[in-house]
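S.K.: Dropping the structure in here first, questions after.
The values are calculated or read from the model by the stated rules, or taken from the named source; none is laboratory data. Everything quoted here is computed from the prediction, not taken from an experiment. Cβ placement follows ideal geometry from the backbone for every residue including glycine, while neighbour counts extend to all protein chains displayed.
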């Protein structure tokens, strides 16, 4: 995903719409303002970013045989409400998740860890994989980029991302997106609080940065999936989850196995 000035203008217009309801800094000043409502505003903006940046495609459902051949590791996501999993699989209006690292779909490569979030109800753990093409960044590298961004917002020329130590391990698209974001925020430098909001107001720093750079997920102990379209689930897992959900009105589905499947490619 290549970030453009036009797309940032669209996001900026949405930001101004939120800010016009009540200045962002007021949310920080009002001690009586509940954490729950603060999280709702944070989540609302993250949800908008996911849609605006094209990361809201439905997961990929493949045959059980194909799923077993996908070369990426198996991940698990637990929830005490099975409808959260069903909505993730079939609905465009799904809960995208919140946590200490920001918003996103939290998952683990440990079944038992995920099972704790399902209140140890084993049927409420979703098993999936990520496409081999998924762009993943580690939290440590992302923190390095975040520090560079904050420094670049205070200057008017050059990019910290051009430092070889920072560039190491970052793909070309992410570097281009970084520079586009810096240029845009510099152009709006007089709009106090804009860069703080766009980069992670209400402690959503990590998720927003990864989205703007074009990454589908990041690793910070857990896996935090941002791009639902990179998720792969098996036919049997899809049918198991949706059959238990009261929100799902359809029936089970069957898939024909294909010999040449993009999800099997490294």
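S.K.: Of the residues that make up region 151-169, is at least one under 24 Å from residue 2 (Cβ atoms) and either in contact with a strand residue (DSSP E or B) (Cβ under 7 Å, 6 or more places away or on another chain) or in contact (Cβ under 8 Å) with a residue 40 or more places away in the chain (or both)?
M.R.: Yes - at least one qualifying residue is present in region 151-169.
S.K.: Something else now. On the basis of being in the same structural domain as residue 170 (by TED's automatic domain parsing), more than 30 Å from residue 166 (Cα to Cα) and under 19 Å from the mean Cα position of the chain (by Cα), does residue 44 make the cut? Outline the logic, then answer.
M.R.: Details: in the same structural domain as residue 170 (by TED's automatic domain parsing): yes; more than 30 Å from residue 166 (Cα to Cα): yes; under 19 Å from the mean Cα position of the chain (by Cα): yes.
Yes; evaluated as a whole, the condition is true for this residue.
S.K.: Also, quick follow-up: Out of 181, 126, I need the residue that is in a helix (DSSP H, G or I) and modelled with pLDDT of 85 or more. Which one?
M.R.: Exactly one of 181, 126 is in a helix (DSSP H, G or I) and modelled with pLDDT of 85 or more, namely 181.
S.K.: Residues being buried (at least 20 other Cβ atoms within 10 Å of the Cβ), modelled with pLDDT of 75 or more and outside any strand (DSSP E or B): count how many of those fall in region 91-116.
M.R.: Qualifying residue count, region 91-116: 2.
S.K.: Select from region 186-241 the residues that are modelled with pLDDT under 80 and in contact with a strand residue (DSSP E or B) (Cβ under 9 Å, 6 or more places away or on another chain) and list them in ascending order.
M.R.: 200, 203, 204, 205
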